[in-house]
Amino acid sequence: MDLKTEQFSKNNSSEEQFEKILPVKKIGPIVAGIVSAIIACVLLYGILTNPRFEWDQVGIYLISNNVLSGIFWTLW
C-alpha cells in the first residue's frame, strides 16, 4: 500500500471506498463500432443499388439444383 491508499483506507470505511470508485469511460470502442457500422451500411447500400450486380442472375444461380443439393448435403 502506498501513502495515498493508506490515507484513503484510514479516512473512509470500506463501504464508502467502493462508492467513490467510478468506471472509466471508454469512448474508443464506441467510436470504432459507429465507424464500422457506417462502413458496413455504405458497402451494403453499394451492393444493393449497383445495377451491374444483376440480382436476377444471383437468384437464378442460388436456386439452381447444384447449389441446393450442395447446401442440403452440407447441412445433412
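Derivation of every value follows stated rules applied to the coordinates shown; laboratory data play no part. This is a predicted model, so every value here is computed, not measured.
List, in order, the whole-Hz ³J(HN,Hα) value for each residue of region 57-69 obtained from phi through the Karplus relation with A = 6.51, B = -1.76, C = 1.60 and θ = phi - 60°; use x for Gly and Pro.
5, 4, x, 5, 5, 5, 9, 5, 4, 4, 5, 5, 5
Working from the alpha-carbon coordinates of region 27-76, get Rg over Rh, Rh being the Kirkwood radius.
Details: Rg = 17.2 Å, Rh = 13.8 Å.
With Rg and the Kirkwood Rh in hand, the quotient comes to 1.25.
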